[in-house]
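The values are calculated or read from the model by the stated rules, or taken from the named source; none is laboratory data. All values derive from a computational prediction rather than experimental measurement. Glycine gets a Cβ as well: all are built from the backbone with ideal geometry, and neighbour counts include every protein chain shown. With ligands, DNA and RNA removed, areas are computed over all heavy atoms of the protein, side chains included. Shrake-Rupley method; radii C 1.70, N 1.55, O 1.52, S 1.80 Å.
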Amino acid sequence: MRRAFSLLLVCLSVCTGITQLHAQGLQPDSIKAQFVKDWQRAKEYTDEYLAAMPADKYSARAVDSIRSFSEQMLHLATGTLGLVSNGTGKPRIFPGFNMEKSAGAQRKDSVVYYVDASYDFAINAIKNMDASTLGEHVKRGPYDETKFAWLMKAFEHQTHHRGQCTIYIRLQGIRPPNEKLLLAPGM
């Protein structure tokens, strides 16, 4: 009962958030356009991370018990594909392919290919979706979220895993790329 009540509160807050955004003059197409802009910026930023890491260090691990740099970036790509598919309804590319564990996907050129393909998938899927459906619910396993929420989770996931890669780059004695947030003058 408590779980159902908690889920109801989360659903209401997401729906209320979308309603508030709409009431504040943010139309669904404006939200979609902002998603596209942010995903394009995220792709450019992630590409800088991929370029900063030397090809012979893609197998590097910060410690033995965690993902390598390549596995971390391929996990980012896999998460992007699944979560954006949930948020847009577009069938994911590379279905059933565990790129993170594929030996052939671990080289720098392959990692760059799969990561860029995941960002291109996200950008195109969002561009081509019907923005008026952002409030619709999509259930995957035990999770029942709005399309808007799935897209927010996708963006959070890629940001989180790209951020984790900062330490991998620093451990190679390389300064990671600077953040790409666009701030208003004086901030």
Could you check the stretch 88-110 and list, in sequence order, the residues that are part of a loop (DSSP other than H, G, I, E, B), without any contact (Cβ under 8 Å) to a residue 40 or more places away in the chain and crowded, with 17+ Cβ neighbours inside 10 Å?
K90, R92
What residue, of G141, G104, G173, is out of contact with any Phe, Trp or Tyr (no Cβ under 9 Å at 6 or more places or on another chain) and over 28 Å from A52 (Cα atoms)?
G141
Give the residues of the stretch 41-52 that are charged (D, E, K, R) and either out of contact with any Lys or Arg (no Cβ under 7 Å at 6 or more places or on another chain) or not in a helix (DSSP H, G or I) (or both), sorted by residue number.
K43, D47, E48
Residues in the stretch 26-43 that are open to solvent by 40 Å² or more (accessible area, probe 1.4 Å) and of a type in the set (D, E) total 1
Please give the number of the condition G163 fails out of (1) free of Cβ contacts under 8 Å to residues at least 24 places away in the same chain; (2) among the small types (G, A, S); (3) assigned to a loop (DSSP other than H, G, I, E, B); (4) surrounded by 12 or more Cβ atoms within 10 Å (Cβ to Cβ).
(3)
Considering only residues that are part of a helix (DSSP H, G or I) and free of Cβ contacts under 8 Å to residues at least 12 places away in the same chain, which ones fall in the stretch 53-81?
D56
So in the stretch 44-87, with the set limited to residues that are of a type in the set (D, E) and farther than 13 Å from Y119 by Cβ, which one is surrounded by the most Cβ atoms within 10 Å (Cβ to Cβ)?
E71
Out of (1) under 12 Å from the mean Cα position of the chain (by Cα); (2) aliphatic (A, V, I, L, M); (3) closer than 27 Å to S30 by Cβ, what's the single condition that is false for V138?
(1)
For D130, state whether it is touching a Leu at 6+ places or on another chain (Cβ under 9 Å) and among the charged types (D, E, K, R).
no
In the stretch 111-143, which residue that is in a strand (DSSP E or B) and without any contact (Cβ under 8 Å) to a residue 60 or more places away in the chain is surrounded by the fewest Cβ atoms within 10 Å (Cβ to Cβ)?
K139
Among residues of the stretch 166-182, those that are in contact with a Pro (Cβ under 7 Å, 6 or more places away or on another chain) and open to solvent by 50 Å² or more (accessible area, probe 1.4 Å), counted
2
